[in-house]
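The values are calculated or read from the model by the stated rules, or taken from the named source; none is laboratory data. Just so you know, these numbers come straight off a predicted model, no measurement behind them. Cβ sites come from the backbone with ideal geometry, for glycine too, and all protein chains shown count toward neighbours.
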Amino acid sequence: MSARVAVLISGSGTNLQALLDASADGHPADIVLVVSDRHKARGLQRARDRGIPTAVLLKRDFESRRAYDRALVDVLREHQVSWVALAGFMRLVTSVLLDAFPMHVINIHPALLPAFPGLHAQRQALEHGTKITGATVHFVDDGTDTGPIIVQSAVPVLATDDLEALQQRILRTEHQIYPLALRWAVEGRLQVEGRQVSVKGAPPTFLWSGD
Ligand code: GRF
């Protein structure tokens, strides 16, 4: 059985592409809607190429973040969405969205949380001199990248790395773990107790991607 999923984006949408590719390959998430806060988000074209409905909600058309999220919830409900996957969506969401989809909103972040939350996580890791960083898929709560962690994947930071090289290495591993986490989510296999997330029938949720 598949579950109806919306993916929220702001930019290039390579994670969206990974989810779309998985979905075309028997993944139980059915991507039924892509929402962007930018007309020019390249990910919108990726959705259109697959014939998936898109919606653009611009910040300037709403008086507050809560008003924005009310419109967002309306469009998600119109499309009978059950899970919401943030994939490079550059807005903080409010309790309006989180209360409408309790424990059904997930996000991917390009660092090993709780290290380097917020913007420019890859640059933060590089400038801090960390030797290992990675990616995290987590439930969204009302903080910034603070929700319970579903899966993490680690990658090395090489002495030769510039920002672009590190971003690309992290993205490659993001594209592995996001479809995995979304599969567990829509299959109802995630069990959450406080901050602890376990996955029914799955090995420990840690990957090392030392390519
Ligand atoms: C990814 O690095 C993701 O972790 C972060 O924003 C970036 C989005 O990239 N939240 P893309 O739009 O999926 O290519």
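Which of the numbered conditions does L98 fail, given that it passes all the others? Conditions: (1) assigned by TED's automatic domain parsing to the domain that holds L16; (2) touching a Lys or Arg at 6+ places or on another chain (Cβ under 6 Å).
(2)
Could you list all residues from segment 148-176 that are of a type in the set (A, V, I, L, M, F, W, C) and either without any contact (Cβ under 8 Å) to a residue 60 or more places away in the chain or not in a helix (DSSP H, G or I) (or both)?
I149, I150, V151, A154, V155, V157, L158, A159, L163, A165, L166
Enumerate the pairs (first residue in segment 82-102 and in contact (Cβ under 8 Å) with a residue 40 or more places away in the chain and over 14 Å from V35 (Cα atoms); second residue anywhere and part of a loop (DSSP other than H, G, I, E, B) and of a type in the set (S, T, Y)) with beta-carbon separation below 9 Å, excluding pairs fewer than 6 apart on the same chain, so at least 6 apart or on different chains.
L92/T144; T94/S64
Of all residues in segment 22-54, count the ones that are in contact (Cβ under 8 Å) with a residue 40 or more places away in the chain, more than 21 Å from L97 (Cα to Cα) and either of a type outside the set (A, V, I, L, M, F, W, C) or within 10 Å of the ligand (Cβ to nearest atom) (or both).
Counting residues in segment 22-54 that are in contact (Cβ under 8 Å) with a residue 40 or more places away in the chain, more than 21 Å from L97 (Cα to Cα) and either of a type outside the set (A, V, I, L, M, F, W, C) or within 10 Å of the ligand (Cβ to nearest atom) (or both) gives 3.
Just name the residue that is surrounded by the fewest Cβ atoms within 10 Å (Cβ to Cβ) out of those in segment 105-147 that are away from the ligand (no atom under 14 Å from the Cβ) and part of a strand (DSSP E or B).
Per the stated criteria, the residue is I132.
Collect the residues in segment 1-15 that are touching a Leu at 6+ places or on another chain (Cβ under 9 Å) and within 12 Å of the ligand (Cβ to nearest atom), keeping them in residue-number order.
V7, L8, I9, G13, T14, N15 - these are the residues of segment 1-15 that are touching a Leu at 6+ places or on another chain (Cβ under 9 Å) and within 12 Å of the ligand (Cβ to nearest atom).
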